[in-house]
Every structure is written in C-alpha cells, then in structure tokens.
Amino acid sequence: MILIDGKKIAADLRAALAEKVATFPEKYGRVPHLVVVRVGEDPASVVYVRNKARACDAVGIRNTTLVQDENITEEALLELIRSLNADPEVDGILVQLPLPKHIRESKVIETIAREKDVDGFHPYNVAGLWQKTPHMNPCTPAGIMKLLDAIGVDPKGKRAVVVGRSNIVGLPVAKMLLDRHATVTLCHTRTVDMPSVTREAEILVVAAGRARVVTANMVSEGAVVIDVGMNTDPETGKLCGDVDFDAVAQKAGAITPVPGGVGPMTIACLMENTVECFLARFA
Ligand code: NAP
C-alpha cells in the first residue's frame, strides 16, 4: 500500500515555484503579491489564512493579510475587493470562506476580478473549466490531480467515483477526472446503495465532510483512495478525514492521510495559481 505523502509532494511543488519566483525580480522587477482577506475570527479561518501566508513566505511570494471586523457590511467588503482589483501591485485576491451570514458569498466571489481569482471560484473560471476555455483551476481539485500524477496513476480508462458534488470539490474534480478520460460516477446524499457504487471504483475521491462516510466494505482491493474530508473525529476530537483510514488502508492500493494528504496540495496549488495570475499580467 502506498501512503500518498501530500506534504512531501506539496513541498516539492513549492520548491519548484520558489526557484521560478526567485528569477522574477530580475525579469519583471518584482515578485507576485497575494492579498488574503479574512473577515472575523473564525478559528479554522485563522489557521488556514496563517498557513497560506507561511506558504507564500516559503515560495517568496509577497503576501498581505487584511483582517476585517466580522460586522463589516457586504458593500464595504465589496468596495475593498474593488480597490484590490484596481491595484496594479496586487496579483491575486482570496477572500477566506466561510463569511458571516449577512454577506452573500456569491456576491463576493463574482466581485473578485477574474484575472486575480486565485481560488478559481469566479463564475467565468468555473465556466472555463466546463467549457474547456482558459481558466484558473480551483486549488483542491487541482491538488488531487497532482497527487494522482505524483504516484503515477493515469485516470485514463479507469473507473472513478467521487463522493460529494459541491461546487468547490466534488463537481470540479469529477470534471477534471472526466477530462483525463476516466469514467466518472458521482455520489451524494440521495445515492441509493452507495457501497455498491464505491466498490466499483479504481480511483475513489471522497469529499463529503463526514467522518467515516467510507468504510472498508465500500472499497475494492487496490483502489486509490483520496480523502478530501477535514472533520473532527466524534470519538477522539482529533482532525480526521471522511474515510475510516485504519480499515481502508488495509485494502487500498494507495491512500492519502488526513492531515498530510490533500490539504498541503490545496495550498501549494494556491501558490501556483498566484504565480500564474502574476505571469498572465506580463504576457
Ligand atoms: P459540502 O459543500 O458540504 O458538500 C458535501 C457533499 O458531500 C455534498 O454533495 C453532499 O451531498 C455529500 N455528502 C454529505 N454526506 C454524505 C453522505 N453521508 N453520503 C454521500 N454523500 C454525502 O462540502 P465540501 O465543501 O465539498 O467539502 C467536503 C469536505 O472536504 C469537508 O470536510 C471539507 O472540510 C473538506 N475540504 C478540504 C479541503 C482541503 O484542502 N483538504 C478543501 C475543501 C474542502 P448532497 O449534495 O446530496 O448534499
């Protein structure tokens, strides 16, 4: 069984990016600049935003974190985004989700300039993925595809099952697997007899957001299992994925741990997207 070391694969990607970024001051007169906006003090968001800043530092990307009061009005936040859109010194903009309930996330996402949308959530970027026109890939699905590449798994011709159909993980990763010529099935809360579907998978991506949604009887021998979930284990209180790791690891051909699998890849892909946004401005 291969334990897919997302930490190492992400570190290699960051190192390659750092080498590239080191050449930018001479070529372009500056390095890329990512602005991350955090609204309020949600503990998970505080950690995610801090990790993003650390990754920027490791790659040599200039980064600014703007912390806004949780009571900021939607219009004030949109105005802040518009000013960042217009700032020639800003290459990438990320507004950490989730936002307080009084702010419409869809409004925020569509206000970020498409060419600075490092998350790949803007409707034009989403449409680009589905229409195969130029776009920014969303970070988590892109990170999953890189993990498969890193362990030499070619999706072409394989049966892939994705558990979860959210706009940020399930749907885009299903589309990316389809574009790499896998035969893809999506599962969700209305799927009847999910084990009979997941057992067919040669590649199983699980993004449900529920601990132990996938148990050993749902996985076929030798399957590649990518666990996207980030949950608190109801029994131990520790961070865990969606897959019953200890049992599934006995059957899987390869599996991602949580933490240390998809999470680091998401941030590495964010760094890659920031570099891409920067380079597009000089093209
Ligand atoms: P989401 O928007 O809540 O979507 C969850 C999806 O899973 C929905 O499509 C839901 O089906 C399906 N689902 C939930 N419970 C299920 C069950 N028991 N059986 C089958 N399907 C089920 O979540 P998300 O944003 O996609 O995130 C999923 C997980 O990935 C979360 O734990 C999140 O924290 C994690 N995540 C991790 C990263 C990372 O970098 N590692 C990035 C993003 C998200 P319906 O559509 O029928 O409701």
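Which pairs turn up if I take residues in region 207-228 that are among the charged types (D, E, K, R) and open to solvent by 20 Å² or more (accessible area, probe 1.4 Å) and look for partners that are more than 9 Å from the ligand (Cβ to nearest atom) and at pLDDT 95 or above with beta carbon separation below 6 Å, at least 6 apart in sequence or on another chain?
212/244; 221/251
Please determine, by comparing only the residues of region 119-135 that are closer than 20 Å to residue 49 by Cα and within 16 Å of the ligand (Cβ to nearest atom), which one is least open to solvent (accessible area, probe 1.4 Å).
Among residues in region 119-135 that are closer than 20 Å to residue 49 by Cα and within 16 Å of the ligand (Cβ to nearest atom), the one least open to solvent (accessible area, probe 1.4 Å) is 120.
Any chance you could count how many residues in region 264-277 are more than 10 Å from the ligand (Cβ to nearest atom) and open to solvent by less than 40 Å² (accessible area, probe 1.4 Å)?
Summing the residues that are more than 10 Å from the ligand (Cβ to nearest atom) and open to solvent by less than 40 Å² (accessible area, probe 1.4 Å) in region 264-277 gives 6.
Do you know which residues across region 93-105 are farther than 20 Å from residue 173 by Cα and either outside any helix (DSSP H, G or I) or over 18 Å from the mean Cα position of the chain (by Cα) (or both)?
Answer for region 93-105, where residues must be farther than 20 Å from residue 173 by Cα and either outside any helix (DSSP H, G or I) or over 18 Å from the mean Cα position of the chain (by Cα) (or both): 93, 94, 95, 96, 98, 99, 100, 101, 102, 103, 104.
Can you tell me which residue in region 129-156 is nearest to residue 63 (Cα to Cα), limited to those that are over 17 Å from the mean Cα position of the chain (by Cα) and without any contact (Cβ under 8 Å) to a residue 24 or more places away in the chain?
Only one residue tops the list, namely 134.
What residue, among those in region 148-161 that are open to solvent by 40 Å² or more (accessible area, probe 1.4 Å) and assigned to a loop (DSSP other than H, G, I, E, B), is nearest to the ligand (Cβ to nearest atom)?
151
Identify, from the list 145, 194, the residue that is touching a helix residue (DSSP H, G or I) at 6+ places or on another chain (Cβ under 8 Å) and within 9 Å of the ligand (Cβ to nearest atom).
So the residue among 145, 194 that is touching a helix residue (DSSP H, G or I) at 6+ places or on another chain (Cβ under 8 Å) and within 9 Å of the ligand (Cβ to nearest atom) is 194.
Among the residues of region 213-252, write down those that are farther than 15 Å from residue 201 by Cα, more than 15 Å from the ligand (Cβ to nearest atom) and of a type in the set (Ser, Thr, Tyr).
236, the sole residue that qualifies.
Scanning for something under 23 Å from the mean Cα position of the chain (by Cα) and open to solvent by 50 Å² or more (accessible area, probe 1.4 Å), does region 187-196 turn up at least one residue?
For region 187-196, residues under 23 Å from the mean Cα position of the chain (by Cα) and open to solvent by 50 Å² or more (accessible area, probe 1.4 Å): present.
Got a sec? Which of 111, 65 is over 16 Å from residue 266 (Cβ atoms), open to solvent by 50 Å² or more (accessible area, probe 1.4 Å) and of a type in the set (S, T, N, Q)?
65
What's the total number of residues in region 35-92 that are free of Cβ contacts under 8 Å to residues at least 60 places away in the same chain, assigned to a loop (DSSP other than H, G, I, E, B) and more than 20 Å from the chain's Cα centre (by Cα)?
So the answer is 11.
Can you name every residue in region 253-263 that is away from the ligand (no atom under 11 Å from the Cβ) and among the β-branched types (Val, Ile, Thr)?
Within region 253-263, just 255 meets the criteria.
Would you pick out the residues in region 184-219 that are assigned to a helix (DSSP H, G or I) and touching a Cys at 6+ places or on another chain (Cβ under 8 Å)?
Within region 184-219, 194, 197, 198 qualify.
What is the residue count in region 233-263 for residues that are surrounded by 15 or more Cβ atoms within 10 Å (Cβ to Cβ) and on the phi > 0 side of the Ramachandran plot?
Total meeting the criteria: 1.
Among the numbered criteria (1) open to solvent by less than 70 Å² (accessible area, probe 1.4 Å); (2) touching a residue at least 40 places away in the same chain (Cβ under 8 Å), which single criterion is violated by residue 200?
(1)
Out of all the residues in region 162-178, is one or more away from the ligand (no atom under 16 Å from the Cβ) and part of a loop (DSSP other than H, G, I, E, B)?
Checking region 162-178: not a single residue is away from the ligand (no atom under 16 Å from the Cβ) and part of a loop (DSSP other than H, G, I, E, B).
The values are calculated or read from the model by the stated rules, or taken from the named source; none is laboratory data. Quick caveat: nothing in here was measured; it's all calculated off a predicted structure. Positions of Cβ are generated from backbone atoms using ideal geometry, with glycine treated the same way; all protein chains shown enter the neighbour counts. Calculation scope for accessible area: heavy atoms of the full protein, side chains included, ligands and nucleic acids excluded. Shrake-Rupley method; radii C 1.70, N 1.55, O 1.52, S 1.80 Å.
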